[in-house]
Amino acid sequence: MDANLRRENDWLALAGLFWLKKGFNTFGSSRDCDILLPNRAPHLIGAFELNGTNIMLHIETGQSGEINGKPIQKTAVLKTDQEEPPSFIKFEELQLLVIQRNEKYGIYLWDNLRSQRHEFPPRIWFPVDEKYCVAAHYTPYLLPIKVELPNIFGELEKDFMHGFVSFKFGDKTYRLDATELYNGRLYLQFKDQTNDRKTYPSGRYLDTEAVREDGQVLLDFNKSYSPPSAFTDYATCTFASKPNHLNVAIEAGELYEQPH
């Protein structure tokens, strides 16, 4: 997991988040640009045009780059990170992507020469403890339920939960809403009483193995991990809704050292 974090175009290479305004949004290294790239980039590469829900890329004459491995022409219609396949735009060691969050559109900027890829401290974890490997049962909802998840900006984002897991820990029974992943696994966001003391203040995430046909699933909290916002100021993370706040300390999984 630590090696993955340091890969090209991963969280430690994320160097910027720029929200788009209606119309043209210029990008390059010039201080006059709306989207400011590192100094080594050309002064003006082009512009992103936002027109309603459509985003168009315009490239200045003499500039070159790629979209998903293919050379960029003068203009291109872009797909966001919520579409398939998203349009990954590459200019040498820089990569850009249009993201959509609620009704807003923005640009993610990755810089693969960023020093944080090598200088960021190693990830740290509680010692593995088998008591935090818990048998649970998954119950799917008849229809996915709509929830509001708080995000890193203090806003609420709408999402859907497909069901819930119930499990016993100590002498109490708990439940967590869950999202189904494509391969039969579950994705959980949760808070517990270690947050803001030993673990990330806004909570952690957990992916399970595939749910069995009888609904049984193992929750191994030793594998719970911090959200991307623990590693970069530019992540747009969401966190657990109120039903997924556990009134117990889960002293397992990834630790978090508060920045000095």
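The values are calculated or read from the model by the stated rules, or taken from the named source; none is laboratory data. Nothing here was measured: the structure is a model prediction, and the numbers come from that model. All Cβ positions, even for glycine, are placed from backbone atoms using ideal geometry, and neighbour counts span all protein chains on display.
Here is a list: Thr199, Thr179. Which entry is in contact with a His (Cβ under 9 Å, 6 or more places away or on another chain) and either of a type outside the set (D, E, K, R) or surrounded by 17 or more Cβ atoms within 10 Å (Cβ to Cβ) (or both)?
Of Thr199, Thr179, the one residue that is in contact with a His (Cβ under 9 Å, 6 or more places away or on another chain) and either of a type outside the set (D, E, K, R) or surrounded by 17 or more Cβ atoms within 10 Å (Cβ to Cβ) (or both) is Thr179.
Within the group Ala249, Ala230, which residue is outside the structural domain of Tyr138 (by TED's automatic domain parsing) and modelled with pLDDT of 95 or more?
After applying the criteria, what remains is Ala249.
Give me a count of the residues in the range 88-115 that are on the phi > 0 side of the Ramachandran plot and out of contact with any Asp or Glu (no Cβ under 8 Å at 6 or more places or on another chain).
Of the residues in that region, 1 qualify.
All but one of (1) under 25 Å from His118 (Cβ atoms); (2) exposed (fewer than 14 other Cβ atoms within 10 Å of the Cβ); (3) in contact with an Asp or Glu (Cβ under 8 Å, 6 or more places away or on another chain) hold for Arg7; state the number of the condition that does not hold.
(3)
Kindly provide the set of residues from the range 221-245 that are buried (at least 20 other Cβ atoms within 10 Å of the Cβ), touching a residue at least 60 places away in the same chain (Cβ under 8 Å) and of a type in the set (A, V, I, L, M), ordered by number.
Result: Ala240, single match.
Take the range 89-110 and flag every residue that is farther than 17 Å from Asn25 by Cα and in contact with a Leu (Cβ under 6 Å, 6 or more places away or on another chain).
Passing the criteria: Glu93, Trp110.
If a residue must be surrounded by fewer than 15 Cβ atoms within 10 Å (Cβ to Cβ) and within 14 Å of Leu246 (Cβ to Cβ), how many such residues does the range 158-176 contain?
Within the range 158-176, residues that are surrounded by fewer than 15 Cβ atoms within 10 Å (Cβ to Cβ) and within 14 Å of Leu246 (Cβ to Cβ) number 5.
Test Leu37 against the stated conditions and say whether it is touching a Ser or Thr at 6+ places or on another chain (Cβ under 9 Å), free of Cβ contacts under 8 Å to residues at least 40 places away in the same chain, assigned by TED's automatic domain parsing to the domain that holds Ile99 and surrounded by 15 or more Cβ atoms within 10 Å (Cβ to Cβ).
So Leu37 fails the test.
Going through Glu148, Glu155 one at a time, which residue ends up being surrounded by fewer than 15 Cβ atoms within 10 Å (Cβ to Cβ) and closer than 27 Å to Gly16 by Cβ?
Unique residue meeting the criteria: Glu155.
Of all the strands (runs of 3 or more DSSP E) wholly in the range 48-125, which have at least 1 residues that are among the basic types (Lys, Arg) and free of Cβ contacts under 8 Å to residues at least 40 places away in the same chain?
Here the list reads 89-91.
Please specify each residue of the range 96-152 satisfying the condition of being within 30 Å of Asp214 (Cα to Cα) and among the aromatic types (Phe, Trp, Tyr).
Tyr132, Tyr138, Tyr141
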